[in-house]
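Below: one structure, written as structure tokens.
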Amino acid sequence: MLGGIIAAILLTFSSVSWGAEICERLLKTDFRETSNIRLAYNDSGVVMEPQTNLIEKIRFGSSAASTNLEVGDRILALDGKALPDSLQDSYNHLSNLLETSAMRDVILKVQKASGEIIDIQLQRMPYLGHPIVEPDIILKDIEVIQQSSKTNFTLDVHLKWKNEDLIHNLFRLTDLPQSNLQCIFRKSAELDNILQKIWYPTFETEQTGASIDNINYKSLLITNEPLRPFNFQLVQQINYEVSNDSDFRKFPFDHISTSAEFLFQDVDLSISPRYDSTLIINQGNDILYEWEIHKHELDCCNTQAYGQGVTQKIYYSFNLNRKYFYYILKIILPVIFLVYLSFSSFWIRAKELESKLAVSMGSLLTLVAYNFVFGEDLPKLSYITILDAWILLSYLFAGLSSMITIWSFFDYHRDNQRGDFNTIDLKLRWIVLGSYHIAIAVLWWGIMYDWSLINPSISV
């Protein structure tokens, strides 16, 4: 028994040594893979959505791409034979036939999104296609900057792809015994070395007002293990800055739309089935303070052909609502309090002009000074927002109380009134207060709903 344990330990160490030597030889071996690869495929070009009979993807260049098949079509039967009742069994049957070299000529009965049922003949036809690449975009940080006009994403982009021909050639070049091995490169010098030799997916952006900076390659996994769906996995971190699509007329009850666009060339993208938009929303909301993500989508893949190549795009989009409690607590409520304070002059006796003016003018001047205090927290815009309208209206009513005070004093003595209060003050106590709230409500409705009873929204 002891001998068996020792043999197992020696075998483990020898496997590790083998693996390390192969990885070292990959770094030292002089080879170059073409920068624009096309691979031979013998499947149908139809990729099924896991555990369903729905089409998830049509491979560019395949025979399926020249038919009327579309993403979202439901396959009902093959050569007139209905699929199994179980979705799991249907998926297994379809994937084994359509996604492998077991593909043969077949007639598919397909239900379109419109409900129409048609027959489509699918022929076995080998084709040259681009590598299937599975991108996985992981949100590490999100920051809304420059007074909410731009968003800065910090993203980890995991790119996984399969290239069995290159794997075979790589381990053949090492001139060492075949084994299920994996090489992980993490050092900058190693990554620079190996990435100069192999083809790997790259992306850029054509989005207006966007830029990709600080690309940092973190690791590269190369493996020939047959159970792994991919032979290569490249992890990189990037900073993506983009201009937001926004309308600040609703500020601070506004929202913005922001997105990151990735343009890939000569690849066949396939989004990871493990991608969870809810998880991304929760991660983003944990690190956002002024904003809250309420919608997130990952849209793939807008495909355009050029010559023998193809470009595909991924849209990584967010809709965010501003958290307005700060503005209510720190700006709106204090402004309302100062306006209420100016209205208190209507409760001061008519003969005490100095006291009435001290309250009304003091409230107005305090309101003006307070505006300078929080001015840096507001976006610099050339149009009126809800908050601007609210503050300007507050100026108007605070100033109006001072003018009414002066006029009330003159009217009181002109009419030789004998009571403690001018009769007009008794009426304006409630009229001015009610008018202030009505005016605020009308302005809020008008700006929020674009002064329309039909289209109660402002698109961003």
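The values are calculated or read from the model by the stated rules, or taken from the named source; none is laboratory data. Just so we're clear, the structure is a prediction, and the values are computed from it rather than from any experiment. We place every Cβ from the backbone using ideal geometry, glycine too, and count neighbours over all the protein chains shown. Heavy atoms of the whole protein, side chains included, go into the accessibility calculation; ligands, DNA and RNA do not. Shrake-Rupley method; radii C 1.70, N 1.55, O 1.52, S 1.80 Å.
Side notes on the structure shown:
- Dimensions of the range 206-268 along the principal axes, based on C-alpha atoms and rounded to the nearest Å, stand at 57, 23, 23, largest first.
- For the range 248-306, trypsin sites (Lys or Arg not before Pro) meeting the loop criterion (DSSP other than H, G, I, E, B) and having at most 11 other Cβ atoms within 10 Å: Arg274.
- Computed packing ranks the peptides 75-86, 355-366 as 355-366, 75-86, most packed first, by mean other Cβ atoms within 10 Å.
- Whole-number percent relative contact order across the chain, with pairs defined as alpha carbons under 8 Å at least 6 apart: 12 percent
- Cα-based equivalent ellipsoid of the range 236-388: semi-axis lengths in Å, sorted from largest, via gyration tensor: 53, 15, 11
- Toward the positive end of the charge dipole of the chain, with +1 on the Cβ of Lys and Arg and -1 on the Cβ of Asp and Glu, the farthest Cα among Ala389, Ile424, Ser62 is that of Ile424.
- Working note: 222 nm ellipticity from helices only, DSSP H runs with n ≥ 4, each -39,500 (n - 2.57), summed and divided by the residues of the chain, gives -11500 deg cm²/dmol to the nearest 500.
- Heavy-atom accessible area ranking, 1.4 Å probe, most first, across Lys380, Lys197: Lys380, Lys197
- The string of couplings for the range 193-206 from the Karplus curve (6.51, -1.76, 1.60, θ = phi - 60°) is 4, 6, 6, 6, 9, 10, 7, 8, x, 10, 9, 9, 9, 10 Hz, one whole number per residue in order, with x for Gly and Pro.
- Of the GluC sites (Glu not before Pro) found in the range 180-242, those in coil by DSSP whose Cβ has at most 10 other Cβ atoms within 10 Å are Glu206.
- Cα radius of gyration and Dmax for the range 111-176 (Å): 22.3, 59
- Calculated P(r) tail over 32 Å for the chain, as whole % of Cα pairs: 61 percent
- Packing-based ranking of 384-393, 440-449 yields 384-393, 440-449, ordered from highest to lowest mean Cβ neighbour count within 10 Å.
- Over all pairs of different C-alpha atoms, the range 266-346 has a mean inverse distance whose reciprocal, the Kirkwood radius, equals 17.0 Å.
- Entries in Lys28/Lys197; Lys57/Lys313; Lys140/Lys197; Lys250/Lys323; Lys140/Lys380; Lys160/Lys197 that, when Cα-Cα distance is taken, lie over 20 Å: Lys140/Lys197; Lys140/Lys380
- Basic side chains Lys and Arg get +1 at the Cβ, acidic Asp and Glu get -1 at the Cβ, and with that the dipole of the chain about its Cα centre reaches some 900 debye.
- Each residue was assigned an accessible area with a 1.4 Å probe, and for Thr100 the value is about 50 Å².
- The chymotrypsin sites (Phe, Trp or Tyr not before Pro) of the range 220-307 meeting both criteria, a DSSP state outside H, G, I, E and B (loop) and at most 12 other C-beta atoms within 10 angstrom of the site's C-beta, are Tyr289.
- Accessible surface of Met125, taken over heavy atoms with a 1.4 Å probe and every protein chain present, rounds to 90 Å².
- Cα-centre dipole for the range 27-138 with unit charges at Cβ (Lys and Arg positive, Asp and Glu negative), debye to 20: 320 debye
- Euclidean distance between Cα centres, the range 60-121 to the range 183-223, Å: 37 Å
- For Lys323, neighbours were defined as the other residues whose beta-carbon sits under 9 Å from its Cβ, and their charges (Lys and Arg +1, Asp and Glu -1) total -1.
- Nearest 10 degrees, 0 to 90: helix 277-287 Cα axis against the chain principal axis: 50 degrees
- Stokes-Einstein D for the range 51-153, Kirkwood Rh over Cα pairs, 4 °C, 1.567 mPa s (µm²/s): 80 µm²/s
- Ranked by the mean number of other Cβ atoms within 10 Å per residue, highest first, peptides 398-405, 323-330 order as 398-405, 323-330.
- A Cβ-based charge dipole, computed about the Cα centre of the range 163-261 with Lys and Arg at +1 and Asp and Glu at -1, lands at about 380 debye.
- Positive end of the dipole of the chain (Cβ unit charges, origin at the Cα centre): among Ala439, Tyr275, Leu128, the Cα lying farthest that way belongs to Ala439.
- log10 of Debye I(q)/I(0), alpha-carbon scatterers only, for the range 22-110 at 0.11, 0.16, 0.22 Å⁻¹: -0.41, -0.65, -1.05
- Farthest toward positive dipole pole in the chain [+1 Lys/Arg, -1 Asp/Glu at C-beta], among Gln147, Tyr324, Trp291: Tyr324
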